[in-house]
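Structure first, commentary second.
The values are calculated or read from the model by the stated rules, or taken from the named source; none is laboratory data. Values in this document were obtained by computation on a predicted structure and should not be read as measured data. As a convention, Cβ positions derive from the backbone with ideal geometry for all residues, glycine included, and neighbour counts pool all protein chains shown. We work out accessible area using only protein heavy atoms, side chains counted, and drop any ligands, DNA or RNA first. Shrake-Rupley method; radii C 1.70, N 1.55, O 1.52, S 1.80 Å.
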Amino acid sequence: MQCSITTPFQAKAPTSARTWTAKLLIAAVLGCGINLAHAEPQDANPASQTTLNEYSAEYIVTRQGERHGAAQRSLTRVDDNLYQLSYHSEIEWMIFSDERQESSRFKFVDGTVLPIDYVLERTGTGPDKTYKISFDHQQQQVFSNQSKYPLECTWNQNFQDVLSYQISLRQALSKGETKFSYPIVDKKGNDREYQFEVVGNETITLPIGNVETIKVKRVYDNDKRQAIAWFAPSMDHMMVRMYKGKDGVEQFQVELAKYTSGTATH
């Protein structure tokens, strides 16, 4: 199954340096598919959860020990069962810069995440770009701002965007699950399958101190790429660190520097 845009969007091929910054920012949960995973606190009994708690988080972005930027995430309850997950990042590397603002609006109904729309606005070195994906659950169609027609794909009731799926991932972790798979429609309207599995438990050192975590890796079809995230059960399974590598070489690392929930700041 593959989504495609009826009128193809032509994009300028990036330089190698811009490719690095793009990967750096897209990842934020394993990018790469873990896109700086988000935190929506869980009830003691996840199966009974009907609401999500608001939060904000700040991260630092490094590459081989050198800081290259920062990122912020927040989860906001807009109205009743409607939420917005937002992400903003600013990265600088040599003469290149990359600033991104992403958001996902979704409904949370009976423990299920129903994406409504996803928006990415990117500025910096090279051309500015805006992507928007919207989901019409009633008509069972997916739309992109790159085409005036619905995307050509078979509807999947479990579709997620590149931010909203992380809500489900964290819920699954809170229930003790160890393998996860999500059908994703990415910013360009491509249909992808994101797969993850738990590696084990690990105590890691962060700017906020030592944290007990669950280590999760993204499953690729080859071993050339590595994407790993660490989630803290004591912080509502917040993603507190994320690593992205290729051929064993670090491309970037993201670490939690500050986390504010409805009741506490870390």
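The residues of the stretch 103-112 that are open to solvent by less than 10 Å² (accessible area, probe 1.4 Å) and at pLDDT 95 or above, listed by number, are Ser104, Phe106.
For Arg225, are the conditions met, namely being touching a Cys at 6+ places or on another chain (Cβ under 7 Å), open to solvent by 20 Å² or more (accessible area, probe 1.4 Å), touching a residue at least 40 places away in the same chain (Cβ under 8 Å) and under 30 Å from Cys153 (Cα atoms)? Judged against the criteria, Arg225 is not a match. Of the residues Gly189, Gly176, the single one that is free of Cβ contacts under 8 Å to residues at least 60 places away in the same chain and part of a loop (DSSP other than H, G, I, E, B) is Gly176.
Residue-by-condition table, conditions (1) free of Cβ contacts under 8 Å to residues at least 60 places away in the same chain; (2) in contact with a Pro (Cβ under 9 Å, 6 or more places away or on another chain); (3) not β-branched (Val, Ile, Thr):
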{"residue": "Glu66", "(1), (2), (3)": "yes, no, yes"}
{"residue": "Gln84", "(1), (2), (3)": "yes, no, yes"}
{"residue": "Ser89", "(1), (2), (3)": "no, no, yes"}
{"residue": "Ile95", "(1), (2), (3)": "yes, no, no"}
{"residue": "Arg100", "(1), (2), (3)": "no, no, yes"}
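Candidates Arg77, Arg73: the one that is farther than 21 Å from Gly126 by Cα, surrounded by fewer than 22 Cβ atoms within 10 Å (Cβ to Cβ) and at pLDDT 50 or above is Arg77.
Reported count of residues in the stretch 106-151, each being part of a strand (DSSP E or B), closer than 30 Å to Glu92 by Cβ and among the hydroxyl-bearing types (Ser, Thr, Tyr), is 5. Checked against (1) among the charged types (D, E, K, R); (2) open to solvent by less than 50 Å² (accessible area, probe 1.4 Å); (3) at pLDDT 95 or above, Arg100 passes all but condition (3). Residues of the stretch 239-266 that are in contact with a Lys or Arg (Cβ under 8 Å, 6 or more places away or on another chain), at pLDDT below 85 and assigned to a strand (DSSP E or B): Glu250, Gln251, Thr265.
Here Val162 passes the criteria (1) in contact with a His (Cβ under 9 Å, 6 or more places away or on another chain); (2) buried (at least 21 other Cβ atoms within 10 Å of the Cβ); (3) not polar (S, T, N, Q) except the one numbered (1).
On the stretch given as the stretch 158-173, residues that are in a loop (DSSP other than H, G, I, E, B) and more than 22 Å from Val119 (Cβ to Cβ) total 0.
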